[in-house]
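Notes for the one structure printed next.
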Amino acid sequence: MHVAVYGPVRILREKCPDCGFIVLVVKGRFACCGEPGPEPAGRLTQKRMSEREVNRRRTPTRETMRTLLDVQGDACFYCLRHFGETVYDRKRKRHIELRIEWDHKTPLAYSCDNSQENFVAACHVCNRMKSSYIFGTVEAARSFILERWKRRYPEEFPAEAEPST
């Protein structure tokens with residue numbers, strides 16, 4: 001048994017007694033057949049399964065940065081607020097300016113994808129809220145982040161007026 005290293009992700013691997021292949025052990029079970037896997041004993045060796053160079057975090061090229069900012073209208077990909085806008089941070093009890101950060105749409109930890117198509121311009125707030133979560137669609141990511149915005153920055157979302165009776 002050993003630990004397979006895929007970038008920052010570590011997963012147990014072992015030879016399956018049924019099929020004889022080296023397979024992942026996920027949640028204590030062989031990924032190939034679902035049978036219970038062995039208990040890790042002692043110190044395990046680590047084997048790097050992907051090249052370290054691929055996993056190094058990169059930023060988009062200058063040209064891609066300019067293109068993304070033009071396409072996104074100098075606004076965050078997730079919350080659609082413009083970079084440089086200010087929001088009131090209740091925790092810090094002060095206004096903060098939304099700064100630009102370059103986000104991997106599909107987290108680097110999972111995809112090892114540093115291609116220019118995997119980058120978006122995001123404000124620092126959304127980038128940290130999204131973290132390394134993976135979403136099926138842009139709408140799902142925006143919905144998730146919007147709910148977090150509403151909890152952290154309620155001043156940005158005034159309560160809707162109650163219907164008059």
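Applying the set (1) modelled with pLDDT under 95; (2) open to solvent by less than 70 Å² (accessible area, probe 1.4 Å); (3) closer than 24 Å to Glu85 by Cβ to Ser115 leaves exactly one unmet item: (3).
Return the total of residues in the stretch 26-75 being modelled with pLDDT under 80, in a loop (DSSP other than H, G, I, E, B) and not acidic (Asp, Glu). Explain how you work it out, then say what you get.
Filtering the stretch 26-75 down to residues modelled with pLDDT under 80 leaves 38-57.
Going one step further and asking which of them are in a loop (DSSP other than H, G, I, E, B), we end up with 38-44, 49-51, 56-57.
Pick out the ones that are also not acidic (Asp, Glu) and you get 38, 40-44, 49-50, 56-57.
So the answer is 10.
Quick grid of which residues meet (1) without any contact (Cβ under 8 Å) to a residue 12 or more places away in the chain; (2) touching a His at 6+ places or on another chain (Cβ under 8 Å):
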residue: Arg56; (1), (2): no, no
residue: Thr67; (1), (2): yes, no
residue: Asp89; (1), (2): no, yes
residue: Lys93; (1), (2): yes, no
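If you go through the stretch 1-29 and keep only what is farther than 15 Å from Gln46 by Cα and either touching a Cys at 6+ places or on another chain (Cβ under 8 Å) or hydrophobic (A, V, I, L, M, F, W, C) (or both), you end up with Cys16, Asp18, Cys19, Phe21, Val26.
Within the stretch 74-87, if we keep just the residues that are over 10 Å from Ala121 (Cβ atoms) and touching a His at 6+ places or on another chain (Cβ under 8 Å), the residue that is least open to solvent (accessible area, probe 1.4 Å) turns out to be Val87.
For the stretch 76-111, filtered to residues that are touching a Ser or Thr at 6+ places or on another chain (Cβ under 6 Å) and outside any loop (DSSP other than H, G, I, E, B), the residue that is modelled with the lowest pLDDT is Ala109.
Checking the conditions here, which among Glu97, Glu156 is among the acidic types (Asp, Glu) and surrounded by 12 or more Cβ atoms within 10 Å (Cβ to Cβ)? Just a single option satisfies the conditions, and that option is Glu156.
For Pro17, the requirement of being assigned to a loop (DSSP other than H, G, I, E, B) and open to solvent by 50 Å² or more (accessible area, probe 1.4 Å) is met.
The values are calculated or read from the model by the stated rules, or taken from the named source; none is laboratory data. These figures come from a predicted structure and were not determined experimentally. All Cβ positions, glycine included, derive from the backbone under ideal geometry; neighbour counts span all protein chains shown. Just so you know, the surface numbers come from the protein's heavy atoms only, side chains and all, with ligands and any DNA or RNA stripped out. Shrake-Rupley method; radii C 1.70, N 1.55, O 1.52, S 1.80 Å.
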